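The values are calculated or read from the model by the stated rules, or taken from the named source; none is laboratory data. The shown structure was predicted, so the numbers you read here are calculated from the model rather than taken from an experiment. Cβ placement follows ideal geometry from the backbone for every residue including glycine, while neighbour counts extend to all protein chains displayed. Keep in mind that these areas ignore ligands, DNA and RNA; they rest on the heavy atoms of the full protein, side chains included. Shrake-Rupley method; radii C 1.70, N 1.55, O 1.52, S 1.80 Å.
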Amino acid sequence: MKRYIWFLVSFTLSILLLAGCNKDPLPEERFEGFIKDWEKQDFGKVYDQFSTDVKETVKKEEFVERFRKIYSDIGVNKLKVNFDKPEEEMKPNDQGEVSFTYDLSMETVAGPIEFSEQTTLVLEENDDEKKWAIRWEPSMFFPDMKEGDGIGLEFSYPKRGEILDRNG
């Protein structure tokens, strides 16, 4: 019985020690989570993963409202972001950044949109915690889009032509 109790105590302590030894976060795991929230069009969760410098210039409420409206107005559906997870662990550059390329496709009222884009993640540390954050830019969501750009729909209807004979 004593061996059984000693085994349980040892096992429990081992589990607690292993749980306390967490590994550093991986940028590809953070980006995969970001993609899942983006595909669900959960712009609040998308914003929460932005880097501190982005959050200083872009307010959460404005971002969420803006992109909900844009995605709603143009009827975005079947949003799919493809990202090939690297086989080897990514090493950050001197600025603590890594970059990934992804392919985006979505259906809109204006037809399908497909493009490839690159995003940067930066390693941020606060309160002895490390986390990867997305350095967001508007071109991530639409190609060639810059901050302050808008998206609008304009409908035009063809005019019916007149058919005339050679005498007018």
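Scanning the range 104-134 for residues that are of a type in the set (D, E, K, R) and under 12 Å from the mean Cα position of the chain (by Cα) returns a single hit, E117.
Determine whether the range 126-140 contains at least one residue that is assigned to a loop (DSSP other than H, G, I, E, B), within 15 Å of T57 (Cβ to Cβ) and open to solvent by 70 Å² or more (accessible area, probe 1.4 Å). Yes, the conditions are met somewhere in the range 126-140.
Identify, please: which residue in the range 42-65 is in contact with a Phe, Trp or Tyr (Cβ under 6 Å, 6 or more places away or on another chain) and not hydroxyl-bearing (S, T, Y) and is, among those, surrounded by the most Cβ atoms within 10 Å (Cβ to Cβ)?
V46
Please determine whether any residue of the range 92-105 is at pLDDT below 85 and more than 18 Å from V54 (Cα to Cα). Checked against the condition, which is being at pLDDT below 85 and more than 18 Å from V54 (Cα to Cα), the range 92-105 yields at least one hit.
As a summary of the residue check, V98 satisfies the conditions (1) under 22 Å from R66 (Cα atoms); (2) open to solvent by less than 20 Å² (accessible area, probe 1.4 Å) except for the one numbered (1). Considering (1) under 30 Å from E154 (Cα atoms); (2) open to solvent by less than 80 Å² (accessible area, probe 1.4 Å), the lone condition that R68 does not fulfil carries the number (2). Out of F63, F83, F100, one residue alone is hydrophobic (A, V, I, L, M, F, W, C) and in contact with a Ser or Thr (Cβ under 7 Å, 6 or more places away or on another chain). It is F100. Checking each residue in the range 135-168 for being over 15 Å from the mean Cα position of the chain (by Cα), under 22 Å from R66 (Cβ atoms) and modelled with pLDDT of 85 or more picks out no residue at all. Among the residues of the range 87-101, those identified as closer than 15 Å to P25 by Cα and either polar (S, T, N, Q) or assigned to a loop (DSSP other than H, G, I, E, B) (or both) are E88, E89, M90, K91, P92, G96. Cβ-Cβ distances below 8 Å connect no pair with a first residue in the range 147-165 that is under 30 Å from V54 (Cα atoms) and of a type in the set (S, T, N, Q), a second residue that is surrounded by 10 or more Cβ atoms within 10 Å (Cβ to Cβ) and modelled with pLDDT of 70 or more, and a separation of six or more residues or different chains. Among the residues of the range 101-114, those identified as farther than 9 Å from V81 by Cα and loosely packed, with under 15 Cβ neighbours inside 10 Å are T101, V109, A110, G111, P112, E114.
Considering Q41, Q49, which residue is modelled with pLDDT of 90 or more and at positive phi? It would help to see each step written out before you state the result.
Numbers: Q49 fails: at positive phi.
Going through Q41, Q49 in turn, just one is modelled with pLDDT of 90 or more and at positive phi: Q41.
Scan the range 33-69 for residues that are touching a helix residue (DSSP H, G or I) at 6+ places or on another chain (Cβ under 7 Å), over 21 Å from K130 (Cβ atoms) and part of a helix (DSSP H, G or I) and jot them down. Scanning the range 33-69 gives W38, F43, G44, K60, F63, V64, F67, R68.
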